[in-house]
Amino acid sequence: MILIFAKPMGRFIGPRAYGQIHRTKRLIFLGFGYDKTNLSRLKLDELSPPPSIFGSCLGFTPKEREELSRRVRIGIQLGQPENDALQFLRNNLSLAE
């Protein structure tokens, strides 16, 4: 698990975190605000091969979901805006994965 804090905690994510992100086959964002700064810190566009990316989006409008899909250029599968983190996991991911 890698945590990114809402409050300023520094300008980078450590090399260990990047190593984990670059080795993963699947990234799951739960309760993440998808702020442009936080997304740029993750350097998702540099992932090769790109992992499958999933994310909860509780309360997002259709326009916000569309904008997020454009920002995450390597692709993200979003849950339903009425689903909290637990509902997102239960509805979108298999325990066998």
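Each value in this text was obtained by applying a stated rule to the coordinates, not by laboratory testing. As the structure is a computational prediction, the values presented were derived from the model and not from experiment. Positions of Cβ are backbone-derived with ideal geometry, glycine not excepted, and every protein chain shown enters the neighbour counts.
What are the semi-axes of the equivalent ellipsoid of the range 16-92, taken as the square roots of 5 times the eigenvalues of the Cα gyration tensor, listed largest first and rounded to whole Å?
Details: eigenvalues 86, 41, 22 Å².
Equivalent-ellipsoid dimensions as semi-axes: 21, 14, 11 Å.
So for each of 68-74, 43-49 I average, over its residues, the number of other beta carbons within 10 Å; can you give me the resulting order with the highest mean first?
Working: 68-74: 13.7, 43-49: 12.1.
So the peptides 68-74, 43-49, ranked by packing, come out 68-74, 43-49.
Of the options ALA17, VAL72, LEU39, report the single residue whose Cα projects farthest towards the positive end of the charge dipole of the range 17-97 (beta-carbon charges: Lys, Arg +1; Asp, Glu -1).
Among ALA17, VAL72, LEU39, the one farthest towards the positive end of the dipole of the range 17-97 is ALA17.
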